[in-house]
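Undergrad: Sharing a structure with you now.
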C-alpha cells in the first residue's frame, strides 16, 4: 500500500519541472498533451529546456524515503499504479498519474473509488438555481450509493460536494495542487469536511501549489474516475467542457443538466447536447439511471431517499409530518404543541420542499401521494 | 349687475370649484341657468324662487341669467341651490357691503327657505380651503362634518332668511366645531379575543396587517372567515390625520358620514352579487364604489368564486394602481382605492373538508379557476379557516396585543421605506424588494431550492421575499433567516394548475 521509488520520483520530477511544463504547454488554454505520460528522460527532453542539467541532477539525487517522510508529515498517503489499491479506472488514461496522493487511508480510498461514481462539474460562477441543482444531484446520487467526484471549486463543484456531505456520503475531491493544500481558500471548511468524511486526491506531491496547467490535468483524472461525467452549468469555453471532452475520449458517459437557450449559464451544456454527445439529466432519478446504466441499482434504494429525508428532519418537523398524515391542520398542530402558527407553517414548507407533503390547493397540506 | 359666488361640485371625491354668476337686467321675467346643468340643477330655479320668496326676500321680476363656470364640466345635484340664491341676492342688491369673494356656499334649499344637507360636504370644504376661501356656509346638519377640515371657518345656516345677517356678522354664531365621535371607548371594534382557535388564520391575519399584504382565506361556509376579516381593521394602525381626512371625505361624498372625523379604518364587505360598477364606482355621475369606500381600510370579498367574472376583472386595476379611473364621455375621474384586499372562498363547490368532500377533481378545478388569473397575482398570503367545531373553548390574544406588534412592524417599514412611494412591505417594487429583503445565506439557499423544485415562479419569488420581510419585521429582526423563508413559502398561493386537487 504505497508507491514504488520510480513512480515517486516521476511524480516529484513533474513537480520539480512544473514551471517548465507551464511554459511548454501552449497558452492561453493549456491542455496536458501526451507530455505527462512520457518516460522520465523524454519528459525532461520535452520540457526542461535550460533546466535540463538540474533536472538530471534531481533524478540522480532523488531520495524516495525523504519524499515518503515528507508526505507522511503532511498526512498524505501515496499509491502508485503498481499498487493493487490504485484506482483501476485511472488505468484507462494513456497518461495516468504515476502516483495518486490521497488523504486518509488507502483502504478508505479504495472503498470510495470502488463504488460507481459520478463526476459532477460546472461553472464556478453558477446561478443559484444551478447551485441548488448540483446540491440536489450530489445528495441524490449519494443516497443511491454513488460516489460524487468533483474538484472542490466554487460554484457547482462545491455544491455537489456539499450535497454528498448532506447525504452523509463520502465525496471524492480531486485537486490541481497538493492534496494537503485546501484550494480554493474560500473552501477551507468544505475541504476539511471532504477530507474527514471522504477523500481528497491529487497527482502532485503534497505542498505543491496548483499551476494553471494542472487544472485541465486534474480534469482528466476526474473524468477517468467517474462512470459518468455530469456538467451542471457551463458557459461557452468553460473548463468543465475539458472534463467533458476527456469523459468522451475515455468512453465514459456524459450527461448535462439543460437550461434555457437564452441563458448564458446553459450555453456550454446546450452545446454538448447539440453535438449529440450528452444525455439529459432532469433530476436524481435520471442521473442514477445513467450511472447504473442498466445494472441493478442497490437494493432498497428509493430515488426519493425517504428514509434519508426522514432522518434529516428535526424532531419538530417530524411531529408536524405525523400530524399532517393524521389529517390535522396547521392551526390544530400549533395549538396542540403550543407553538406559534408561523413555526408550523415553516415546518410545513420544509416538509413540502422535502417532498413529503403537498399543498392541497385549499390553503392546507396533505401527505404526498408519491410517498 | 353681475355677482359672483363660489361653490363646489363633487368630481370623484374631490371638490371642484364652480363659480356661480348671476346677471340681473331688465327684460321679460325669465330665469335661465347655463353651464352644463343637469336636471336637478335646472330645477333649482323653482327651489330658489320659492325659497327666496318664502324667506321674505325679494325675487327680482327681471331677466335673470345664471352661469355655472367652468362651463365644460357637468354640474349635477341640488348642492348649487344656496350659491344660486346668494348670487341672486347679491346681484339684486340685497346683500350690501358683503365681500362675497371670501366665502363659499354649499347647500340645497327647501321651498320654505330652509337648508337641506348635501353629500360630499367634506370634499367641498377641503376644496374651498384649497382655493383660498376663508369661510364656507353649509347647511346646519353638515356643519360639524365640514368642520373636520381645518383652516377654514365653517358656518352652519338653518334658513336662507338669515343669510344677510350671517354674512354681515350680525347673526352671532361662531364657526362650527367638529363633532366628538359618539363612542370614544373602544377604537378597535370587534376584538380578536373573541375568536376561538383559528391559530393559522390569526397568524396570517397578523402578517397581512403587518405588511399590508392581501390575503385569501379558504374555509367552509360559516367557519368564521367574515368574523376574522372584520377584525382586521382593529389590528391595523389607526389612520393618520391625513388618512382620516381622506376616509371622511370619501364617506361624505357617498353620504355615509356620521359627521365625525373617521377614527377607524373602513371595512367593506360587498355581497357577491355586486356589479362591477358597484365595486369600483360608476354611474352617469360617477359615484365611488366599494373599493373606494374601503380606501385606507379593508375590502373583503366573501365567496370570491361567486363574484361575477366582470366584477373580479374590474378589481384588478384598482388593486394594482391603488386608484380607480373612470372615463365617462368627455370626463375622466380618479377615485382613490388603496385597500387591503381580503378574499375568502370555499375550497370547492360543496365546501366540505377535504376528507368529506364529494366534488370531483374537475369540479374543484373549475371552481378554483374562477379565482384564478390576475387577481391571484395580487394575493400574497393564503390561509385556512377551520369550522368552529374544530376550535376549542378559549379565545386568543386581544386585538390590542396584536395591534401593538403590527404597529412595531409597520414602524420598521416606515423607516426603511422613507423616501419611497411604498408605505409597507407589500407595496415594495421589484427593486425595493431585492434591496430591503436581503437574505442570509441559508435563507437564500432555501429560496433557490424552492425555485429549482418549481415550487415558486419568478413572480412568486418576490412575493415570498416580501412576506418573509414582514415575518422578520414582526419578529423585530433585520436579517431574514431560513425559517422566515420557510414560513413565507407555506403561505404562498398556488395557481390552480399547480395545486393537487383532491
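Undergrad: Mind listing just one residue for me: the one in the stretch A:351-367 that is under 18 Å from residue B:482 (Cα atoms) and in a loop (DSSP other than H, G, I, E, B) and, of those, farthest from the other protein chains (Cβ to nearest Cβ)?
TA: Looking only at the stretch A:351-367, we keep the residues that are under 18 Å from residue B:482 (Cα atoms), and these are A:351-355.
Right, trim to in a loop (DSSP other than H, G, I, E, B) and you get A:354-355.
On the way: A:354: 10, A:355: 8 Å.
So, considering only residues that are under 18 Å from residue B:482 (Cα atoms) and in a loop (DSSP other than H, G, I, E, B), the one farthest from the other protein chains (Cβ to nearest Cβ) is A:354.
Undergrad: Which of (1) crowded, with 24+ Cβ neighbours inside 10 Å; (2) within 23 Å of residue A:9 (Cβ to Cβ) does residue A:172 not meet, given it meets every other one?
TA: Going through the list (1) crowded, with 24+ Cβ neighbours inside 10 Å; (2) within 23 Å of residue A:9 (Cβ to Cβ), residue A:172 breaks only (2).
Conditions tested, residue by residue: (1) on the phi > 0 side of the Ramachandran plot; (2) at pLDDT below 75; (3) within 13 Å of another protein chain (Cβ to nearest Cβ).
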position: A:289; (1), (2), (3): no, no, no
position: A:315; (1), (2), (3): no, no, no
position: A:320; (1), (2), (3): no, no, yes
position: A:328; (1), (2), (3): no, no, yes
position: A:369; (1), (2), (3): no, yes, yes
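Undergrad: Are any of the residues in the stretch B:72-79 touching a residue at least 24 places away in the same chain (Cβ under 8 Å), within 29 Å of the chain's Cα centre (by Cα) and loosely packed, with under 14 Cβ neighbours inside 10 Å? Working first, answer last.
TA: Quick first cut of the stretch B:72-79, residues touching a residue at least 24 places away in the same chain (Cβ under 8 Å) only: B:72-79.
Checking the rest, the ones that are also within 29 Å of the chain's Cα centre (by Cα) come to B:72-79.
Next cut, loosely packed, with under 14 Cβ neighbours inside 10 Å only: B:72.
Yes; the residues of the stretch B:72-79 include at least one that is touching a residue at least 24 places away in the same chain (Cβ under 8 Å), within 29 Å of the chain's Cα centre (by Cα) and loosely packed, with under 14 Cβ neighbours inside 10 Å.
Undergrad: OK, next. Collect the residues in the stretch A:123-143 that are more than 14 Å from chain B (Cβ to nearest Cβ) and crowded, with 24+ Cβ neighbours inside 10 Å, keeping them in residue-number order. Steps first, answer last, please.
TA: The first filter runs over the stretch A:123-143 and keeps only residues more than 14 Å from chain B (Cβ to nearest Cβ), leaving A:123-125, A:141-143.
Scanning the stretch A:123-143 gives A:123, A:141, A:142, A:143.
Undergrad: In addition: I'm told residue B:342 meets every condition in (1) within 14 Å of chain A (Cβ to nearest Cβ); (2) at pLDDT below 85; (3) not in a loop (DSSP other than H, G, I, E, B) except one. Can you identify the failing condition by its number?
TA: Going through (1) within 14 Å of chain A (Cβ to nearest Cβ); (2) at pLDDT below 85; (3) not in a loop (DSSP other than H, G, I, E, B) one by one, residue B:342 breaks only (2).
Undergrad: Moving to a separate point now. Keeping to the stretch A:263-275, report how many residues are outside any helix (DSSP H, G or I) and surrounded by 15 or more Cβ atoms within 10 Å (Cβ to Cβ). Steps first, answer last, please.
TA: First pass over the stretch A:263-275, keeping only residues outside any helix (DSSP H, G or I): A:263, A:275.
Among the residues that remain, those that are also surrounded by 15 or more Cβ atoms within 10 Å (Cβ to Cβ) are: A:263.
Looking only at that region, the number is 1.
Undergrad: What about residue A:348, is it facing chain B (nearest Cβ under 9 Å) and assigned to a helix (DSSP H, G or I)?
TA: Values: facing chain B (nearest Cβ under 9 Å): yes; assigned to a helix (DSSP H, G or I): yes.
Taking the combined requirement at face value, the residue satisfies it.
Undergrad: Next up: Test residue A:260 against the stated conditions and say whether it is touching a helix residue (DSSP H, G or I) at 6+ places or on another chain (Cβ under 8 Å), within 13 Å of another protein chain (Cβ to nearest Cβ) and surrounded by fewer than 17 Cβ atoms within 10 Å (Cβ to Cβ).
TA: On the way: touching a helix residue (DSSP H, G or I) at 6+ places or on another chain (Cβ under 8 Å): yes; within 13 Å of another protein chain (Cβ to nearest Cβ): yes; surrounded by fewer than 17 Cβ atoms within 10 Å (Cβ to Cβ): yes.
It is true that residue A:260 is touching a helix residue (DSSP H, G or I) at 6+ places or on another chain (Cβ under 8 Å), within 13 Å of another protein chain (Cβ to nearest Cβ) and surrounded by fewer than 17 Cβ atoms within 10 Å (Cβ to Cβ).
Undergrad: Test residue B:294 against the criterion of being more than 14 Å from chain A (Cβ to nearest Cβ) and touching a strand residue (DSSP E or B) at 6+ places or on another chain (Cβ under 6 Å), and give yes or no. I'd like the intermediate steps shown before the answer.
TA: Numbers: more than 14 Å from chain A (Cβ to nearest Cβ): yes; touching a strand residue (DSSP E or B) at 6+ places or on another chain (Cβ under 6 Å): yes.
The answer is yes for residue B:294.
Undergrad: So which residues in the stretch A:13-33 are under 25 Å from the mean Cα position of the chain (by Cα) and modelled with pLDDT of 85 or more?
TA: A:14, A:15, A:18
Undergrad: Which of the numbered conditions does residue B:408 fail, given that it passes all the others? Conditions: (1) closer than 21 Å to residue B:234 by Cβ; (2) in a loop (DSSP other than H, G, I, E, B).
TA: Only one criterion in (1) closer than 21 Å to residue B:234 by Cβ; (2) in a loop (DSSP other than H, G, I, E, B) is unmet by residue B:408, namely (2).
Undergrad: Filtering the stretch A:332-345 down to residues that are buried (at least 21 other Cβ atoms within 10 Å of the Cβ) and either at pLDDT below 85 or under 37 Å from the mean Cα position of the chain (by Cα) (or both), which residue is farthest from the other protein chains (Cβ to nearest Cβ)?
TA: Checked the stretch A:332-345; the qualifying residue farthest from the other protein chains (Cβ to nearest Cβ) is A:344.
This table checks each residue for (1) away from every other protein chain (no Cβ under 11 Å); (2) touching a helix residue (DSSP H, G or I) at 6+ places or on another chain (Cβ under 8 Å); (3) surrounded by fewer than 19 Cβ atoms within 10 Å (Cβ to Cβ).
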| position | (1), (2), (3) |
| --- | --- |
| B:420 | yes, yes, yes |
| B:445 | no, yes, no |
| B:449 | no, yes, no |
| B:454 | no, no, yes |
| B:467 | no, yes, no |
| B:479 | yes, yes, yes |
| B:486 | no, yes, no |
| B:492 | no, yes, no |
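Undergrad: Within the stretch A:276-293, how many residues are out of contact with any strand residue (DSSP E or B) (no Cβ under 9 Å at 6 or more places or on another chain) and not in a helix (DSSP H, G or I)?
TA: Residues flagged as out of contact with any strand residue (DSSP E or B) (no Cβ under 9 Å at 6 or more places or on another chain) and not in a helix (DSSP H, G or I) within the stretch A:276-293 amount to 3.
Undergrad: Quick one: would you say residue B:374 is surrounded by fewer than 16 Cβ atoms within 10 Å (Cβ to Cβ), within 14 Å of another protein chain (Cβ to nearest Cβ) and modelled with pLDDT under 90?
TA: Values: surrounded by fewer than 16 Cβ atoms within 10 Å (Cβ to Cβ): yes; within 14 Å of another protein chain (Cβ to nearest Cβ): no; modelled with pLDDT under 90: yes.
It is false that residue B:374 is surrounded by fewer than 16 Cβ atoms within 10 Å (Cβ to Cβ), within 14 Å of another protein chain (Cβ to nearest Cβ) and modelled with pLDDT under 90.
Undergrad: Quick check: is even one residue across the stretch A:199-209 in contact (Cβ under 8 Å) with a residue 24 or more places away in the chain, surrounded by fewer than 24 Cβ atoms within 10 Å (Cβ to Cβ), farther than 26 Å from residue A:287 by Cα and out of contact with any helix residue (DSSP H, G or I) (no Cβ under 8 Å at 6 or more places or on another chain)?
TA: Within the stretch A:199-209 (the criterion being in contact (Cβ under 8 Å) with a residue 24 or more places away in the chain, surrounded by fewer than 24 Cβ atoms within 10 Å (Cβ to Cβ), farther than 26 Å from residue A:287 by Cα and out of contact with any helix residue (DSSP H, G or I) (no Cβ under 8 Å at 6 or more places or on another chain)), the answer is yes, since at least one residue qualifies.
The values are calculated or read from the model by the stated rules, or taken from the named source; none is laboratory data. For clarity, every value in this text was computed on a predicted model and none was experimentally measured. Heads up, the Cβs are rebuilt from the backbone with ideal geometry, glycines too, and the neighbour counts pull from every protein chain shown.
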